[in-house]
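This report refers to the structure that appears directly beneath it.
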Amino acid sequence: MKPARRLTLRFVSYFSIFYLLIISGFIICLVFFFQSLIVHMGDNIHTMTSSEIEDNAVIEKGKSIKLADYLVKRAEENAGQLYLFNESMDIVDYTGDSCELCGMTDNEIMALQRPGMHTWEIPKYYLLFLPISSVHPLFEEVLQNWKATGGISNEVLQRLQDKKASVEIYNEQWDRIEFIGERYKKLHKPQLLEEKYDIFEHKEFTANAALEDGSTLVVRMPNPSYKPLEDPFKNAMFLFIFSFFGESIIMLIGVFFLSISISRQFVRPLLYILSRIERLSQFDYSKVRDKKVHHRKTGKLKRKFKLFKPVDESLNHLSERLDSNERQIKHAEQLREEWITGLSHDLKTPLSSIYGYSSMLASKDYEWTNEEMRVFATTMQEKATYMDALIQDLTYTYQLKNKAIQLEKVLLPLNIWLPQYEDEQVSVKVYGDVMLEADELLLKRILDNLITNAKKYTPDGTKVSVEAKNIGNEIMLTIADKGPGIPQKELDNLFERYYRGTNTTDDTTGTGLGLAITKQLIDLHDGSISVQSGAEGTVFVLKFKH
């Protein structure tokens, strides 16, 4: 995978995780909020749907049919009874201690109307919830006692105390003139009006009756099932806010550590890379190891920094390339200086001869004979010819370097073409039919340079051997002599020296650029040249593609 794509995926994964943490935290807060409300609402039997109870509402074991325990508990919490009817309107089971509907006919049950009644249809059965007010039995006892005696018996008073109930008398002006039992806040008359039945919303149960003297008797007792919606809503809101801030703190801590992780994984290696680039700008190509980025033993990048491995490798390759280029530049500068020195030497020497002889000829102090002047002129001509050849060769090398020479290739049968070089000093041998596609004039110059050079160093009585053969997909030419060999120092720079480096008074048969031009011409043909030299002689090997 490409580094850019890996880096993109890394950042996408970080921010995706961050986004998921935010969403999950928000969902958790909402779950806590709604769960608190659902717990309250779940206790209300009136919010229960048929889909919630149809699967496990009825437990059938043989002939025994009974309501599930959770429904029995739910009926008690809602201050009422559950009745299970079959399709024939027979009571199959009920909750509570007594069966209020068991003595009633079907029509009486159908005509029954009580606030808070609720029915559900389930497979094969029907459920009826019948609310039972816990205050009415106590109210009936209190009312009978009050009408009979004008007071309350000790037994009824004890029951009032057990249930923390109270009996209150209000006059026609609705002033509370008497109360027995628990002291509650005074009621206002509209509070006795019938309200929609909701067992969990009533803080207390009340029952009232008008007395003969125009006063009103009211019995009040606390509702044990009182669960106002405001309290769980407040609790849910508190839990939501607490969860929100708690999740925010956790997210803040997570962002802090995520930032540190990103800093370690990206900032540290970036600083290392910038330091490497700075060192490269200062021509320092040595390898650098950061203990926080690299392993101490292996020197490789640590696992969490593997993303930057291609960059590190590229910097290493760049350092090696720049170091190599700098060495090559220094080497080229050295060769250039040597070349200029050698060229200056090769030009200065013949110029000195020409200047000396011309000065002698121009001198009035001496009369030169015709023979002497002819000798001077011949020497000056030789030096001028050498300089002209040197300049032509230099021009030719630059033309080859700039690819200004165009090849005109033809197919040459070497078994016919090569024998032109055979003489007393040269033997030619071609193995089989060797057909070489090359520029004939340039190939002739290549072989002229190599064969002439080999003749120069071949001892008397030995021959230069020229051979050609097919080897696989290549054609190989060899030029071998029996000379003393080439010193290793000169052999290393044999094709790079653009000057002879010798005094031109010793030998003016060459410019010293022959082998350099030869290699350039062979390269122009997409060929190669190599040389092997030792005490037994020197062998030049040329290879060309078919």
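The values are calculated or read from the model by the stated rules, or taken from the named source; none is laboratory data. Computed from a prediction, not measured in an experiment: that's the story for all the values here. Counting neighbours? That spans all protein chains shown, and the Cβs are built from the backbone with ideal geometry, glycine included. Keep in mind that these areas ignore ligands, DNA and RNA; they rest on the heavy atoms of the full protein, side chains included. Shrake-Rupley method; radii C 1.70, N 1.55, O 1.52, S 1.80 Å.
Let's see if you can work this out: charge +1 on each Lys and Arg Cβ, -1 on each Asp and Glu Cβ, no other charges. What is the dipole magnitude of the stretch 93-202 about its Cα centre, in debye to the nearest 20?
So the magnitude is around 400 debye.
Label GLU313 and ALA210 with points 7 Å out from Cα along Cα→Cβ: what is the distance between them in nm?
Between GLU313 and ALA210, the label points sit 10.1 nm apart.
Return a whole-number percent for the relative contact order of the chain, with Cα pairs under 8 Å and 6 or more residues apart as the contact set.
9 percent
Accessible area per residue for the stretch 71-164 in Å², computed with a 1.4 Å probe and the full protein assembly in place, what is it?
Each residue of the stretch 71-164 exposes 58 Å² on average to a 1.4 Å probe.
Treating the angle as unsigned and between 0 and 90°, give the value, to the nearest 10°, between the Cα long axis of helix 309-362 and the longest Cα principal axis of the chain.
20 degrees
What do you get for the angle between helix 514-524 and the principal long axis of the chain? Use alpha-carbon atoms, 0 to 90 degrees, nearest ten.
Tilt of helix 514-524: around 40 degrees.
With +1 assigned to the C-beta of every Lys and Arg and -1 to the C-beta of every Asp and Glu, and no other charges, what is the dipole magnitude of the chain about the Cα centre in debye, to the nearest 20?
I would put it at about 2120 debye.
With the alpha-carbon atoms as the only input, what is the per residue convex hull volume for the stretch 414-460 in Å³?
74 Å³
Based on the Kirkwood radius over alpha-carbon pairs, what is the Stokes-Einstein translational diffusion coefficient of the stretch 32-179 at 37 °C with 0.692 mPa s viscosity, in µm²/s?
179 µm²/s
Would you mind putting 370-376, 461-467 in packing order, based on average other-beta-carbon counts within 10 Å, highest first?
Most protected by this proxy first, the peptides run 461-467, 370-376.
In the P(r) worked out for the stretch 103-161, what percent of Cα pairs fall beyond 18 Å?
So the pairs more than 18 Å apart make up 56 percent of the total in the stretch 103-161.
Under a cut-off of 12 Å between alpha-carbon atoms, report the aspartates and glutamates in cross-link reach of LYS300, not counting same-chain residues fewer than 8 places apart.
ASP290, ASP312, GLU313
When the chain is fully extended, how far beyond the present Cα-Cα distance does TYR19 get from ALA535, taking 0.36 nm per residue of separation?
177.7 nm
Collect residues whose amide H, placed 1.01 Å from N in the peptide plane, falls under 5 Å from the amide H of ILE122; neighbours closer than 5 in sequence don't count.
LEU127
What are the extents of the Cα atoms of the stretch 277-366 along their three principal axes, in Å, largest first?
In descending order, the Cα extents are 92, 21, 17 Å.
Need one number: convex hull volume per residue for the chain, Cα atoms only, in Å³.
Taking only Cα atoms, the chain has a hull volume of 423 Å³ per residue.
Which order do LEU128, LEU20 take by accessible area at a 1.4 Å probe, largest first?
The residues order as LEU20, LEU128, largest area first.
Which whole-number value in Å³ per residue fits the convex hull of the alpha carbons of the stretch 314-378?
About 75 Å³ per residue, rounded to a whole number.
So what are the stretch 362-401's ellipsoid semi-axes, whole angstrom, largest first, if each one is the square root of 5 times an eigenvalue of the alpha-carbon gyration tensor?
So the three semi-axes of the stretch 362-401 are 35, 9, 4 Å.
Straight-line reach from LYS364: which aspartates and glutamates have Cα under 16 Å away, leaving out those fewer than 8 places along the same chain?
Leaving aside aspartates and glutamates fewer than 8 places away in the same chain, those within reach of LYS364 are GLU372.
On a 0 to 90 degree scale, rounded to 10, what angle separates helix 268-281 from the longest Cα axis of the chain?
20 degrees
Step through the table entries LYS330/LYS545; LYS66/LYS234; LYS444/LYS482; LYS403/LYS489; LYS463/LYS489, compare each Cα-Cα distance with 32 Å, and write down the pairs that go over it.
Exceeds cut-off: LYS330/LYS545; LYS66/LYS234.
Measuring from label point to label point, each 7 Å out along Cα→Cβ, what is the GLN420 to GLN334 span in nm?
4.2 nm
Just subtract the alpha-carbon distance of VAL410 and GLU367 from 0.36 nm times their residue separation and send over the number in nm, one decimal.
Extra length available between VAL410 and GLU367 comes to 9.6 nm.
Semi-axes, largest first, in whole Å: what does sqrt of 5 times each Cα gyration tensor eigenvalue give for the stretch 257-322?
Value: 22, 13, 10 Å, ordered largest first.
Taking the highest mean first, how do the peptides 251-260, 515-524 order by number of other beta carbon atoms within 10 angstrom per residue?
Per-residue Cβ counts within 10 Å, averaged per peptide and sorted highest first, yield 515-524, 251-260.
Under a cut-off of 28 Å between alpha-carbon atoms, report the lysines in cross-link reach of LYS61, not counting same-chain residues fewer than 8 places apart.
LYS73, LYS124
Along Cα→Cβ, 7 Å out, is where each label goes; now give me the distance between the ones at GLN191 and LEU112 in nm to one decimal.
Rounded to a tenth, the inter-label distance reads 3.1 nm.
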